[in-house]
């Protein structure tokens with residue numbers, strides 16, 4: 001059974017999960033006026049746990065939304081963002097909906113907490129970003145996001161506090177310790193990055209490798225075409241075998257393309 005695709009009549013605000021193209025749209029062209037898509041039902045709970053997720057036509061796009069209470073939810077969101085329990089629960093709800101949509105069609109995920117005052121404001125925003133949205137869809141359609149991390153097989157022992165009689169001695173000891181840490185930009189890591197980039201459509205850094213994870217050597221995020229999934233998996237297996245006992249590769253995915261849609265904002 002398909003979600004009802006309709007004009008929302010409620011007086012509440014609209015929470016946006018993401019945007020997809022209408023079925024049958026393969027390029028930046030308008031849909032027929034009486035376009036009526038068939039889309040799988042979204043079973044995940046709405047962001048507030050009350051309202052259901054709806055597919056709302058916005059020109060050639062489909063906006064995945066649910067109604068939320070303006071006073072009870074939308075206006076309280078900024079305050080609730082500071083509540084970690086609230087943030088965890090609602091963050092999972094957001095991701096579950098995006099994941100369900102991504103399983104049936106390409107989606108440009110919205111930032112968590114994106115709310116519009118109503119349908120007119122949403123439609124105006126989406127149509128105003130038509131060119132940038134089509135550009136993103138051309139890049140992400142048919143692909144999934146994957147995260148890759150490389151760890152040293154044996155974590156570094158926790159170092160004892162530096163005891164120094166002067167600032168100069170402290171800096172000397174700290175520099176000596178840094179030299180003993182695993183090299184985070186060696187040739188083998190560059191070989192892995194190059195091999196994965198040849199398969200992926202795009203790549204992005206996954207944050208700075210810091211001392212908080214002393215055994216973490218390298219990390220990155222990739223947009224991988226589903227047609228190249230076997231090649232992707234085999235390449236990773238080759239490096240796992242090559243580095244056995246020396247380095248450990250951790251892979252997570254597939255995910256909707258969260259890291260590759262910023263230019264649609």
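Which order do 107, 115 fall in if you start with the one that has the fewest other Cβ atoms within 10 Å?
115, 107
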Least to most buried among 92, 224 (fewest other Cβ within 10 Å first): 92, 224
Ordering of 248-260, 58-70 by packing [mean C-beta count within 10 Å, highest first]: 58-70, 248-260
Gap separating the Cα centres of the stretch 67-134 and the stretch 232-265, nearest whole Å: 27
Order of 226, 93 under a 10 Å beta carbon neighbour criterion, fewest first: 226, 93
Kirkwood hydrodynamic radius over Cα pairs of the stretch 109-156, then Stokes diffusion coefficient at 20 °C and 1.002 mPa s, in µm²/s: 148
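Every number in this text was worked out from the coordinates using simple rules, so none of it is lab data. Everything quoted here is computed from the prediction, not taken from an experiment. Using ideal geometry, Cβ is built from the backbone for each residue, glycine included, and neighbour counts are taken over all protein chains shown.
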